[in-house]
Amino acid sequence: MSSARVEKLLQSMTPAEKIGQLIQYFYFRLPERGDPSMVPPGQVEAVEAALAAGRAGSLLFVTDPATSNRLQRQAIAGNRHGIPVLFGFDVIHGLRTIFPVPIALAASWNPELIEQSQAVAAREARAVGIHWAFAPMLDIARDPRWGRIIEGAGEDPYLGSVVAAAQVRGFQGPHLGADEHIIAGPKHFAGYGAALGGRDYDEVDLSDQELWNTYLPPFKAAIDAGAGNVMSAYMDLNGVPATGNRWLLNDILREALGFEGFVVSDANSARDLAAHHYAADLTDAGARALNAGLDLEMAILDPAFEHLDEALENGQVDIERIDTSVRRLLSAKEALGLLDDPFVDEQAAQTVLNDPAHRETARKAAEESAVLLRNENDLLPLTGIGSVAVLGQMANSKRDTLGPWIFDYDLEETVTVLEGIRAHAAGLETPVEVTYAPGVPSPVRLFPSMFDMWGDGSKTGENFDSEAELSRAVEIATAADVAVVVVGERQDMIGETASRSTLDLPGEQLALLQAVVATGTPTVVVLMSGRPLDLRWAEANTPAILQVWYPGTRGGEAVANLLFGQAVPGGKLPFTWPRHVGQVPMHYAHTRSHDPSKQGRRYWDEESTPLYPFGFGLSYAKFAYSNLAVSSPSTPVDGVVTVSVDVTNTSGRDGNEVAQLYLHQRYGTASRPVRLLKGFRRLHLRAGQTERVEFAVTAEERRYWSAATRDWVLDATSFDVWVGSSSTADLHTEFTVTD
Ligand code: BGC
């Protein structure tokens, strides 16, 4: 359905004008940092010429309000109808205020906080003239070699769906076009996270069973929450490129999931239909993408949709199909109010970008997303110490503290772990002395990537004297009461085009950790990463491990608050943490299969259990679960069972916990996973406090797609129920489902 205004516009447009609306260009400015040679020469000039000719309906990568207004004026002057452009951008984890990376936000298991964070990001984006975010990324990821695991919510469809809906609400607000909000663009449709070998962009083969039960649910949740856009994916899905896949973009996305917004390609992925050797040439690529269901092509230069005039002439596409896409794009512009006023207030933008409340939300998000993996003898929080040695290059790197996929950050105000600890230590009643050494050099990437152009110069550099630096690190660790070793992956080691062939701590970081531990000084490992790394040595030899991800603008302050006990960790892993790269892909929701009692012993040379299970995370407080009950021992197939449990903070300090509900279906039309997350609640419990938590298990939670019937089923069967603090919870009950 579109408005009379949109229909009137559509009727007065020529085919060429319509096609112009379906093209989106990158508008690259030269990066302030990094390598400008990565920007294609003449790109900006070519885009301005397209605007002047009415052959661009949307732009991406403009984040400066004055540039946005200037380009908007050019666009309006460039077409007879004065239709403004839609500005999209990768608002992934903040614009100026940088939040923890998406996988970290998912680790908070706190949908309200996630919604709030993306609402802040939307507010900043809208203030500078951005109308639409290429986010959230909803790709389920079960292979951590794939670098883009950092952009999503991890391995689980239930957690992924809750996080997806929260992000859409955060970006879009109460309705599409709400003040201070932007359109959400869930991506990449669909299955991109299952790239063969974890190699970014490589092909994906997914059974219908996996698609329906695991990979599509977060998209369904985002669409149900009203997402206005969806982005198609780069790779081949089951042998057909996702961007030219009519089954995917039409039958699944529109007919089965009910999506009514517009579909954008991934960058150059419509042109790519020719690169995949699927389309014969760019005209064929444009026609097949459009006919498959694509509405808007995102391109750097020379889009395939530029050839739609020709495709129209020779009958490869028809004007009704073009009209449908134009209608969707114009409706989005209308909903955002752009047809009336497309300009931004350049002064007001600065006030929004500098709103201190935004930075506070980012600090809180960093505190809530940290996951405490180990804390022997309650080494953390640190109390009664006189000195701390902080070690590791990333402890002192502002850029790495922020993580990948950000562009408009402010390095000056970014607080590193070292700065956070220094500021915190100085403010204590008995000040704590803080020393620092990087210890070992930063690792170097094998092949350059376009994403390097947004890096920075804070690597250790060529003149780094490895031997002398390691000795210095050992010296200051020996002299300190506690050592905090910050290790992990630099921000350019993860994200797009940053798949890894191992999960080892990169470079010489393990050697640093071993040297520090050998001094006998109690050692805390602070991990900065967006994927699980091989922590077997650290788990066996260090007393405390805190995963802080890439914690954002106020990250260092949050980490200091956590280390010294001003904040209490309560985050939980959104993925299974393998012991070794050879175990991946690995996820908790596997089926039982043959000889289930030996499922932890499938390898000759290593356990096949995880190092840390999905949903795991400690706190400084301790929790106990009791009185698990179901509302009724049996229910009809369409009935609801309420599961309730008491959660008690048994410790002497306040703390955070995430109560998690898992189900297992014992028999039926298909063999079902050993456990599936079907509910969770993040709780803040005071010392000694008990809260009764309830979960409603509806038919929706028990329904699944079965390859036996090639359809959705709801079995009459029995269910095991567990509630507890991770996917290994052992407090158990059961119920049956009757016909
Ligand atoms: C990525 C998308 C992103 C787009 C625009 C692509 O390379 O795959 O996730 O939104 O670039 O920057």
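The values are calculated or read from the model by the stated rules, or taken from the named source; none is laboratory data. Worth saying up front: this structure is predicted, and the values here are computed from it rather than measured. When we count neighbours, we look across all protein chains shown, and the Cβ atoms used for this are built from the backbone with ideal geometry, even at glycine. Quick note on the areas: whole protein, heavy atoms, side chains included, nothing else; ligands and nucleic acids left out. Shrake-Rupley method; radii C 1.70, N 1.55, O 1.52, S 1.80 Å.
Observations, loosely collected:
Per-residue answers, yes or no, for (1) open to solvent by 50 Å² or more (accessible area, probe 1.4 Å); (2) of a type outside the set (A, V, I, L, M):
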residue	(1), (2)
Asn238	yes, yes
Gly244	no, yes
Ala256	yes, no
Glu260	yes, yes
Asp266	no, yes
Ser269	no, yes
His276	yes, yes
Thr283	no, yes
Ala299	no, no
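- 2 or more residues within 16 Å of the ligand (Cβ to nearest atom) and touching an Asp or Glu at 6+ places or on another chain (Cβ under 8 Å): qualifying strands (runs of 3 or more DSSP E) within segment 195-310: 262-264
- Among residues of segment 169-194, those that are more than 16 Å from the ligand (Cβ to nearest atom) and either open to solvent by 10 Å² or more (accessible area, probe 1.4 Å) or in contact with a Gly (Cβ under 8 Å, 6 or more places away or on another chain) (or both), counted: 10
- Within segment 71-92, being within 32 Å of the chain's Cα centre (by Cα), outside any loop (DSSP other than H, G, I, E, B) and away from the ligand (no atom under 16 Å from the Cβ) holds for Leu71, Gln72.
- Per-region count, segment 501-539, residues within 29 Å of Gly197 (Cα to Cα) and over 30 Å from the mean Cα position of the chain (by Cα): 1
- For Ile545, the conditions (1) among the hydrophobic types (A, V, I, L, M, F, W, C); (2) in contact with a strand residue (DSSP E or B) (Cβ under 6 Å, 6 or more places away or on another chain); (3) without any contact (Cβ under 8 Å) to a residue 40 or more places away in the chain all hold with the exception of (3).
- Pair list, Cβ < 7 Å and 6+ apart or interchain, from segment 213-226 residues that are touching a residue at least 24 places away in the same chain (Cβ under 8 Å) to residues that are charged (D, E, K, R): Ala225/Arg169
- Candidates Arg328, Arg363, filtered to the one that is basic (Lys, Arg), away from the ligand (no atom under 16 Å from the Cβ) and under 15 Å from Gly57 (Cβ atoms): Arg328
- Filter result for Ser58 (open to solvent by less than 10 Å² (accessible area, probe 1.4 Å), over 20 Å from the mean Cα position of the chain (by Cα), within 16 Å of the ligand (Cβ to nearest atom) and not hydrophobic (A, V, I, L, M, F, W, C)): yes
- Residue in segment 653-663 that is farther than 23 Å from Pro157 by Cβ, more than 23 Å from the chain's Cα centre (by Cα) and open to solvent by 30 Å² or more (accessible area, probe 1.4 Å) present: yes
- Scan of segment 125-149 for residues that are within 14 Å of the ligand (Cβ to nearest atom) and touching a strand residue (DSSP E or B) at 6+ places or on another chain (Cβ under 9 Å), ordered by number: Ala125, Ile130, Trp132, Ala133, Phe134, Ala135, Pro136, Met137, Leu138, Asp139, Arg148
- For segment 93-121, the set of residues classified as within 16 Å of the ligand (Cβ to nearest atom) and in contact with a helix residue (DSSP H, G or I) (Cβ under 7 Å, 6 or more places away or on another chain) consists of His93, Gly94, Leu95, Val101, Pro102, Ile103, Gln118, listed by residue number.
- Within this structure, His580 passes the test of being modelled with pLDDT of 95 or more, in contact with an Asp or Glu (Cβ under 6 Å, 6 or more places away or on another chain) and either open to solvent by 60 Å² or more (accessible area, probe 1.4 Å) or within 19 Å of Arg672 (Cα to Cα) (or both).
- The listed residue being on the phi < 0 side of the Ramachandran plot and assigned to a loop (DSSP other than H, G, I, E, B), out of Ser671, Ser626: Ser671
- The one condition in (1) open to solvent by less than 20 Å² (accessible area, probe 1.4 Å); (2) over 15 Å from the mean Cα position of the chain (by Cα); (3) among the hydrophobic types (A, V, I, L, M, F, W, C); (4) more than 14 Å from the ligand (Cβ to nearest atom) that Leu159 fails to fulfil: (2)
- Gly147 meets all of the listed conditions (1) closer than 27 Å to Arg675 by Cα; (2) open to solvent by 10 Å² or more (accessible area, probe 1.4 Å) but one, namely (2).
- Residues of segment 96-107 satisfying the condition of being assigned to a loop (DSSP other than H, G, I, E, B) and open to solvent by 10 Å² or more (accessible area, probe 1.4 Å): Arg96
- Of everything in segment 628-652 that is out of contact with any Lys or Arg (no Cβ under 8 Å at 6 or more places or on another chain) and without any contact (Cβ under 8 Å) to a residue 40 or more places away in the chain, the residue that is surrounded by the fewest Cβ atoms within 10 Å (Cβ to Cβ) is Gly652.
Conditions (1) within 21 Å of Tyr158 (Cα to Cα); (2) in contact with a Gly (Cβ under 8 Å, 6 or more places away or on another chain); (3) at pLDDT 95 or above, marked per residue:
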residue: Thr690; (1), (2), (3): no, no, yes
residue: Val697; (1), (2), (3): yes, yes, yes
residue: Glu700; (1), (2), (3): yes, no, yes
residue: Ala707; (1), (2), (3): yes, no, yes
residue: Val713; (1), (2), (3): yes, yes, yes
residue: Gly724; (1), (2), (3): yes, no, yes
residue: Asp739; (1), (2), (3): no, no, no
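- Sole residue being open to solvent by 10 Å² or more (accessible area, probe 1.4 Å), on the phi < 0 side of the Ramachandran plot and of a type outside the set (Gly, Ala, Ser), chosen from Thr542, Thr521, Thr553: Thr521
- Flag for Gln350 being within 29 Å of the chain's Cα centre (by Cα), on the phi < 0 side of the Ramachandran plot and either within 16 Å of the ligand (Cβ to nearest atom) or not small (Gly, Ala, Ser) (or both): yes
- Evaluated against (1) within 23 Å of Trp722 (Cβ to Cβ); (2) open to solvent by 60 Å² or more (accessible area, probe 1.4 Å), Asp605 falls short on exactly one condition, (1).
- Within segment 608-624, the residues that satisfy the criterion of being open to solvent by 40 Å² or more (accessible area, probe 1.4 Å) and in contact (Cβ under 8 Å) with a residue 60 or more places away in the chain are Phe616, Leu618, Phe623.
- For segment 214-222, the criterion of being hydroxyl-bearing (Ser, Thr, Tyr) and touching a Gly at 6+ places or on another chain (Cβ under 6 Å) is met by at least one residue.
- Residues of segment 323-338 that are in contact (Cβ under 8 Å) with a residue 40 or more places away in the chain, more than 27 Å from the chain's Cα centre (by Cα) and open to solvent by 10 Å² or more (accessible area, probe 1.4 Å): Asp323, Arg327, Ser331, Glu334, Gly337.
- Taking strands (runs of 3 or more DSSP E) as the structural unit, those lying wholly within segment 694-739 and holding at least 1 residues that are within 26 Å of Tyr612 (Cα to Cα) and open to solvent by 50 Å² or more (accessible area, probe 1.4 Å) correspond to 731-738.
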